[in-house]
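Structure first, then comments.
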Amino acid sequence: MTNENVWDCRLILKYNNYTYLFNVQNHNKIKSKVLKEIRKTPTEKTPGIQKTNVFVSSDWTVDSSIKRTYWENYVKLLADNCINILKDDLYKDMKQKTQHHNHWFHTYTKNSGFGWHTHGESNFSGIYYVKLKDKKYKTEFNNHDLPIEEGNIIIFPSFLLHRSPLINSKTEKIIVSFNFSLLS
């Protein structure tokens, strides 16, 4: 990897042996392209916080046969790079295969958030913070606080309880999430 490679990510923090925080080296060069592709992707309103009328804009429930160019052209390459760093760290010379389960984006605006949850169908989950102007709206974890900011990718065990706090200002937060498992 070199700094000239637009898909480079750098590990900036390893927490609890299995939570990895990366910085996307060229986030500012690809951010507008990722956002453009996200905005072209069909969306639906997804319930964000149970027992309320809070919704987020997402492609979570959109037909999976619809092309997600934000993922295929950009985020997948970043995620794969970060996943390879994680695999090299956890398994050294063992060649672990990666099974990708799913990916989606969420767009949060005023009065939207997402309640406490886990991702039970996978070993690991990841979040790429495409747009996060106000760090107080970063993902919250039940058991630790990480210095997450725009341009970061966090990969964590899928069983960790986490949420996106309710946004109470005119800011916009856009993330791309993904789930994967490591196989022998």
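Which entries of Lys31/Lys135; Lys14/Lys138; Lys14/Lys76; Lys36/Lys87; Lys97/Lys133 have Cα-Cα distances beyond 26 Å here?
Flagged as over cut-off: Lys36/Lys87; Lys97/Lys133.
Just to check I understand the Karplus step: with θ = phi - 60° and J = 6.51 cos²θ - 1.76 cosθ + 1.60, what whole-Hz values come out for region 98-111, glycine and proline as x?
10, 10, 7, 9, 6, 8, 6, 10, 10, 10, 9, 10, 3, 6
In region 104-159, if the dipole is taken from +1 on Lys/Arg beta carbons and -1 on Asp/Glu beta carbons about the Cα centre, which of Gly126, Thr107, Ile148 is farthest to the positive end?
Farthest towards the positive end: Thr107.
Between Lys87 and Leu13, what's the calculated FRET efficiency when r is the beta-carbon distance and R0 is 22 Å? Round to 0.05.
According to the calculation, E is roughly 0.80.
In debye, nearest 20, what is the charge dipole magnitude of the chain about its Cα centre with +1 on Lys and Arg Cβ and -1 on Asp and Glu Cβ, if you could check?
On the way: 26 positive and 18 negative charges, 103 e Å.
In debye, rounded to 20, the chain gives about 500.
From the protein chains alone at 1.4 Å, what is the descending order of accessible area for Asp63, Asp8, Asp93, largest first?
Most to least solvent-accessible, the answer reads Asp93, Asp63, Asp8.
Which longest run of the chain has no exposed loop site in it, a site being GluC sites (Glu not before Pro) in a DSSP loop with at most 12 other beta carbons within 10 Å, and the site itself not part of the run? Intermediate values should be presented prior to the final figure.
Values: sites that count: Glu4, Glu121.
Free of exposed loop sites, the longest segment is 5-120.
What trypsin sites (Lys or Arg not before Pro) in region 153-184 are in a loop by DSSP, with at most 15 other Cβ atoms within 10 Å of the Cβ? Before the final figure, lay out each step's value.
Working: sites: Arg163, Lys170, Lys173; in loops: Lys170.
Taking region 153-184 and a limit of 15 other Cβ atoms within 10 Å, the loop trypsin sites (Lys or Arg not before Pro) found are Lys170.
Taking a ≥ b ≥ c as the square roots of the eigenvalues of the Cα gyration tensor of region 8-98, is the shape rounded (a/c under 1.5), prolate (a/b larger than b/c) or oblate?
Here region 8-98 falls in the prolate category.
Hey, got a sec? Which trypsin sites (Lys or Arg not before Pro) in region 34-119 land in a DSSP loop and have at most 12 other Cβ atoms within 10 Å?
Here the sparse-neighbourhood loop sites are Lys51, Lys67, Lys92, Lys95, Lys110.
Using amide H atoms built 1.01 Å from N in the peptide plane, name the residues 5+ places from Glu150, or on other chains, whose amide H lies under 5 Å from its own.
Here Leu132 satisfy the definition.
To the nearest 20 debye, what is the magnitude of the charge dipole of region 62-111 about its Cα centre, counting +1 on the Cβ of each Lys and Arg and -1 on the Cβ of each Asp and Glu?
Roughly 100 debye for region 62-111.
Can you give the calculated 222 nm mean residue ellipticity of the chain, where each DSSP H run of n ≥ 4 adds -39,500 (n - 2.57) and the sum is split over every residue, rounded to the nearest 500 deg cm²/dmol? Write out the running numbers ahead of the final one.
Details: 2 runs with 30 residues, N = 184.
Mean residue ellipticity at 222 nm (helix-derived): -5500 deg cm²/dmol.
What does the charge count around Leu86 come to, taking other residues whose C-beta lies under 11 Å from its C-beta (Lys +1, Arg +1, Asp -1, Glu -1)?
Every neighbour counted, the sum reads -1.
Helix 76-91 against the longest principal axis of the chain: what's the angle in degrees, Cα atoms only, rounded to the nearest 10?
It works out to around 50 degrees.
Which of the three applies to region 102-184, rounded, prolate or oblate, going by the alpha-carbon gyration tensor with a ≥ b ≥ c and a/c under 1.5 meaning rounded?
prolate
The values are calculated or read from the model by the stated rules, or taken from the named source; none is laboratory data. Since the model is a prediction, treat every value here as computed from it, not as a measurement. Positions of Cβ are generated from backbone atoms using ideal geometry, with glycine treated the same way; all protein chains shown enter the neighbour counts. With ligands, DNA and RNA removed, areas are computed over all heavy atoms of the protein, side chains included. Shrake-Rupley method; radii C 1.70, N 1.55, O 1.52, S 1.80 Å.
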